[in-house]
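Data first, discussion second: the structure below is written as structure tokens.
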Amino acid sequence: MTYAFADRALHSPASRNCRDLVPMDGLLARSGIDRAALEREAAAAFAMWESVADIGFRRVDDPGAAQIVIGAQAEPRGVAFADVAYDRAAGGRVRSLRRSLICLNPQQMWKIGFGGGVTVYDLRFGIAHEIGHAIGLDHPSPSGQLMSFRYDEKVRDLQAGDIAGVVALYGPRLGGARTAARGSAGEIASDPRPESGCAVPAAPETRHRDGAG
Ligand SMILES: [Zn+2]
């Protein structure tokens, strides 16, 4: 799958959570994080998922051509959200992801690494969690997994439940090389709803089932 950072305002009328994305510059400036660090942390977040499942990610420059677009919210709310749009033409139990959006609140303070309190969120954790949604995963439990909706700085890497989830959707990563045993990356189990979202930590209105649960 390809991913890109928003390099201009991106309006997605059909999206529920990330309808208006803007570039990350304001978020980075406010939190004192430089762009190289953002790109490094995002790459590390994608690599987490890539290291355990038969899925691969490649950065591209053009958000218009990317399957996952990361940006800041034009209208800040919550902490972070993801939207997943499926290919409506696909039928059966498995259908393809068309595009996923990840939007972070630029008024929220972000940091790199854990520590210093849980009101400032680790960028890598936040992006990795939203990538999980972007590729079809739901919140499994309040705490203990990277996909858990509570931000408590207990885990910063994929846990057994996260791995079980992504492997169920894409198959395991075998021998350090991607295989084609379980369909192509971007195919995930059906969900009756076209979009998913979350907050980190979850607000009551966002603690819903989403993804491919
Ligand atoms: Zn979430």
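Overview of results
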read-out	value
Pairs with Cβ under 7 Å, 6+ apart, first in region 14-43 and over 16 Å from V69 (Cα atoms), second assigned to a helix (DSSP H, G or I) and at pLDDT 95 or above	L28/R35; L28/L38; I33/L123; D34/L28
Single residue of S96, S15 found to be out of contact with any Phe, Trp or Tyr (no Cβ under 8 Å at 6 or more places or on another chain), modelled with pLDDT under 95 and over 27 Å from D152 (Cα atoms)	S15
Unique residue being buried (at least 23 other Cβ atoms within 10 Å of the Cβ), in contact with a helix residue (DSSP H, G or I) (Cβ under 7 Å, 6 or more places away or on another chain) and either without any contact (Cβ under 8 Å) to a residue 24 or more places away in the chain or over 18 Å from A9 (Cα atoms) (or both) when the list is L123, L104	L123
Meets criteria (among the β-branched types (V, I, T) and free of Cβ contacts under 8 Å to residues at least 60 places away in the same chain) for V118	yes
Residue within region 126-140 that is in a strand (DSSP E or B), within 16 Å of the ligand (Cβ to nearest atom), crowded, with 16+ Cβ neighbours inside 10 Å and not basic (K, R) present	no
Within region 152-165, tally of residues that are crowded, with 22+ Cβ neighbours inside 10 Å and either touching a helix residue (DSSP H, G or I) at 6+ places or on another chain (Cβ under 6 Å) or under 19 Å from E41 (Cβ atoms) (or both)	1
Any hit, region 44-55, residues being under 14 Å from the mean Cα position of the chain (by Cα), surrounded by fewer than 18 Cβ atoms within 10 Å (Cβ to Cβ) and under 14 Å from G132 (Cα atoms)	yes
Flag if R99 is more than 16 Å from the ligand (Cβ to nearest atom), over 12 Å from the mean Cα position of the chain (by Cα) and either farther than 17 Å from A72 by Cα or in a strand (DSSP E or B) (or both)	no
Failed criterion for Q145 (all others in (1) crowded, with 20+ Cβ neighbours inside 10 Å; (2) at pLDDT 50 or above; (3) assigned to a loop (DSSP other than H, G, I, E, B); (4) away from the ligand (no atom under 12 Å from the Cβ) hold)	(4)
Among the residues listed as A89, A53, A43, A82, the single one being more than 20 Å from G165 (Cβ to Cβ) and at pLDDT 95 or above	A43
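The values are calculated or read from the model by the stated rules, or taken from the named source; none is laboratory data. Every value quoted in this text rests on a predicted model; they were computed, and no experiment measured them. Cβ atoms come from the backbone with ideal geometry, glycine included; neighbour counts cover every protein chain shown.
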